[in-house]
1. Read through the list (1) in a helix (DSSP H, G or I); (2) within 26 Å of the chain's Cα centre (by Cα); (3) surrounded by fewer than 24 Cβ atoms within 10 Å (Cβ to Cβ), then give the number of the only condition that residue A:419 fails.
2. Of the residues that sit in region A:247-264 and are away from chain B (no Cβ under 14 Å) and touching a strand residue (DSSP E or B) at 6+ places or on another chain (Cβ under 6 Å), which one is nearest to ligand 2 (Cβ to nearest atom)?
3. So, in region B:28-51, how many residues would count as being without any contact (Cβ under 8 Å) to a residue 24 or more places away in the chain and over 24 Å from residue A:25 (Cβ atoms)?
4. Taking the criterion of being modelled with pLDDT of 95 or more, within 8 Å of another protein chain (Cβ to nearest Cβ) and more than 30 Å from residue B:3 (Cβ to Cβ), would at least one residue in region B:68-89 satisfy it?
5. Kindly provide the set of residues from region A:261-293 that are away from ligand 1 (no atom under 16 Å from the Cβ) and closer than 24 Å to residue A:711 by Cβ, ordered by number.
6. Tell me yes or no: at least one residue of region A:706-726 is away from chain B (no Cβ under 13 Å), without any contact (Cβ under 8 Å) to a residue 24 or more places away in the chain and out of contact with any helix residue (DSSP H, G or I) (no Cβ under 8 Å at 6 or more places or on another chain).
7. Does residue B:25 satisfy the criteria of being free of Cβ contacts under 8 Å to residues at least 60 places away in the same chain, crowded, with 20+ Cβ neighbours inside 10 Å and within 16 Å of ligand 1 (Cβ to nearest atom)?
8. Restricted to region A:175-216, and to residues that are over 26 Å from the mean Cα position of the chain (by Cα) and within 28 Å of residue A:326 (Cα to Cα), which residue is nearest to ligand 1 (Cβ to nearest atom)?
Ligand code: FES
Ligand code: FES
């Protein structure tokens with residue numbers, strides 16, 4: 001019987017009730033008395049010099065309250081990159097200013113250069129159409145290789161070329177890796193495109209700025225995954241508002257996947273406009289704006305070389321990558337293609353020599369930043385594709401070649417040649433689970449059945465490892481992070497024994513309100529229903545870093561555990577006082593405090609009441625109240641890992657690929673709520689399969705985004721996907737956090753793209769199309785069919 | 001501005017709207033029924049699905065004035081009379097058919113329309129019917145499972161662990 005509550009129980013989610021009744025509160029659902037509406041003018045060209053912006057006619061239109069252009073913000077700060085990454089020759093990265101509104105030049109289609117604020121949304125929109133901007137189009141820098149080749153045509157005039165930095169990891173490995181590859185008996189080289197994606201959280205971004213002239217206080221309600229980070233960026237870096245005078249609230253948020261980690265100019269604008277007008281200003285993105293101006297993801301072009309012995313033993317990996325950062329540096333854009341990518345390039349394997357080179361390139365496209373998985377999907381795709389090709393060249397079974405090279409359980413903690421120390425794992429065991437749940441043994445029979453229908457069936461298998469729970473401040477600080485990456489929680493126990501947990505995590509679909517309550521309920525032996533989880537409001541929660549990088553439970557959950565343990569320690573003191581015993585003799589179990597070796601006990605409720613009715617406390621040694629805060633800074637990343645298998649059917653007549661089955665065996669360490677964990681994996685798989693088969697952001701050579709609606713950007717729909725088989729019974733608990741959890745939010749998106757591509761290539765080979773070595777994602781029918789033609 | 005009158009979740013309502021006001025905006029802004037979500041500007045995401053005289057429509061594709069005299073049901077009208085979750089809503093909760101909740105109102109309204117015309121749909125029929133509703137969070141697995149469960153079918157063997 002599964003548990004029905006506490007850690008490990010598949011509890012249904014409490015937050016579902018409000019969402020299912022239509023009573024969620026998303027930012028656009030909030031309307032503030034007296035609010036005005038903002039509409040942005042966005043560049044229609046990818047690159048252009050801004051001349052005169054004629055706002056006279058617009059300013060006279062009905063309802064118009066204010067018009068802003070880049071000129072209004074030229075003296076405020078820029079939106080900074082959160083990580084400093086140096087080039088391998090020691091030069092610092094180039095960091096052009098990212099203004100609130102474009103000034104001087106527009107640098108991508110959708111780059112906002114003006115904003116209108118009016119009484120109603122319709123009036124703002126009408127007035128925006130009356131603004132005449134003289135924007136002289138310049139040649140667009142779109143293709144990365146061309147951007148590097150031709151430094152004359154520059155996205156940022158003040159930079160010498162279009163390269164942000166040229167990073168080597170680890171530079172000291174380089175000569176050794178080169179020598180190992182030169183001497184290797186077999187080298188497989190592969191050129192890969194990791195396709196550009198658009199995150200497409202279903203809730204478009206929205207922000208409401210408020211300003212109280214009486215107190216000088218600002219308030220920003222916004223679609224954010226991390227309200228404190230947004231507050232820091234917009235207040236301290238951009239607008240120069242004292243942090244304590246700005247409250248940022250991220251209410252219910254309809255998905256993020258990375259795209260709502262970042263601070264965007266629209267947030268600064270609604271605050272500045274609220275201040276100028278003395279009334280609230282609201283903006284809600286249209287989906288078309290989301291396509292053009294949300295941070296995109298991925299967009300790497302990579303050459304990877306894998307050197308091995310004839311028996312498949314890995315000797316070395318070397319990669320060279322061009323990574324697109326788009327027109328401006330978004331907040332995490334410099335860490336995503338570097339430390340979240342290069343440090344994972346040893347995968348789950350013993351590879352003695354690894355060297356990674358990444359050049360980040362400015363282009364006249366939307367900024368590119370972390371999207372679900374963030375760098376780790378790119379690393380996994382490169383490694384797991386090249387292993388598959390190598391296995392085929394060497395005549396070794398793809399599962400077998402991986403097994404031969406796995407880091408084995410006896411080798412942990414294991415230090416990789418790219419700077420990480422994996423604390424624990426059992427890759428052979430996850431592979432065993434996968435072989436079973438995917439019924440690999442039955443593949444041949446299923447292939448024969450597909451063949452009878454005239455379809456080519458293929459099997460693709462791969463592994464993944466990720467570094468999650470970002471992470472230890474000392475480590476990320478040494479690597480270039482400009483922020484710490486701890487997290488915080490406050491546990492406030494009320495006099496009647498129920499409690500509020502204020503967490504730095506933000507839930508935008510992850511079910512924290514349910515899962516965090518399970519953790520505390522287990523710890524305190526009280527029901528979940530007496531625990532409230534508070535998140536998303538900087539005026540209520542301690543300073544935390546929010547949710548991304550699968551960090552919520554591992555980092556924020558650990559902070560909650562620490563704060564809860566402090567509560568227990570304090571409560572024991574109170575109980576000891578009540579029972580006239582020494583605190584060290586008091587034991588706490590199942591919601592009851594007792595004096596060891598006696599029958600004296602007091603229950604949780606009585607202690608909580610006493611904390612707030614301290615009539616006879618010795619006040620020098622025992623304070624009233626029961627409220628504790630803990631900041632938790634982990635010792636290391638966590639390392640979820642797993643093995644995935646995909647079976648596809650390819651229609652040889654059309655090249656259409658159908659996912660016949662997908663199985664995922666993950667090791668997430670301990671699990672708090674399996675129902676939620678499975679849901680996280682399902683969603684990740686859908687995004688990974690979307691990347692592999694249907695999704696891709698396409699700019700034409702003039703920098704126009706061709707995939708700017710759901711008509712052209714193919715989101716996976718219900719009938720593109722099967723039921724998934726997922727398993728997380730292989731558990732090697734994280735060794736350094738109190739819950740032994742690793743994080744599960746990104747695994748599906750990281751592990752699935754190579755499985756799909758490996759499966760399609762396998763299907764083609766089995767069908768006799770042995771000339772097809774690789775097809776770039778998305779594997780659309782036309783690409784697959786074209787590859788099949790000799 | 002012209003006046004429009006309709007019945008929403010059993011209540012007679014009216015308001016003054018512009019000719020260009022969409023039904024989705026009328027519901028959200030004039031009536032405060034913010035359960036109907038707007039996820040796109042091209043009628044492609046399905047977050048805004050409501051029932052108009054019993055049939056599912058994308059509320060972002062109907063002018064408020066065109067709903068004159070109609071009976072509209074939104075997600076706010078789907079709970080049982082005692083305020084508890086209706087059968088489909090409950091199935092979504094039981095089977096974790098939602099994460100961020102943004103697509104959910106549209107999903108529930110589409111699922112309700114499907115089950116009205118097809119009381120025991122197959123997995124394939126459900127997937128085909130929900131083609132106009134995009135969910136970015138769930139991978140649809142638990143949504144399809146919830147709809148099967150809501151139609152009284154046994155889902156205990158789906159994707160057995
Ligand atoms: S809002 Fe997307 S279909 Fe209506
Ligand atoms: S639950 Fe988030 S979009 Fe479906």
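1. It fails just one condition, (1).
2. From region A:247-264, those away from chain B (no Cβ under 14 Å) are A:247-249, A:261-264; that's our starting set.
Those still in the list that are touching a strand residue (DSSP E or B) at 6+ places or on another chain (Cβ under 6 Å) too: A:247-249.
On the way: A:247: 26, A:248: 22, A:249: 20 Å.
By that ranking, first place goes to A:249.
3. 2
4. Yes, because at least one residue in region B:68-89 is modelled with pLDDT of 95 or more, within 8 Å of another protein chain (Cβ to nearest Cβ) and more than 30 Å from residue B:3 (Cβ to Cβ).
5. Going through region A:261-293, the residues away from ligand 1 (no atom under 16 Å from the Cβ) turn out to be A:261-283, A:292-293.
Selection gives A:292, A:293.
6. Filtering region A:706-726 down to residues away from chain B (no Cβ under 13 Å) leaves A:706.
Okay, now just the ones that are also without any contact (Cβ under 8 Å) to a residue 24 or more places away in the chain, so A:706.
If we keep only those that are out of contact with any helix residue (DSSP H, G or I) (no Cβ under 8 Å at 6 or more places or on another chain) too, we end up with A:706.
Yes, that holds for at least one residue.
7. Values: free of Cβ contacts under 8 Å to residues at least 60 places away in the same chain: yes; crowded, with 20+ Cβ neighbours inside 10 Å: yes; within 16 Å of ligand 1 (Cβ to nearest atom): yes.
The answer is yes for residue B:25.
8. Taking the candidates together, the pick is A:190.
The values are calculated or read from the model by the stated rules, or taken from the named source; none is laboratory data. Quantities reported herein were computed from a predicted structural model and do not represent experimental measurements. We place every Cβ from the backbone using ideal geometry, glycine too, and count neighbours over all the protein chains shown.
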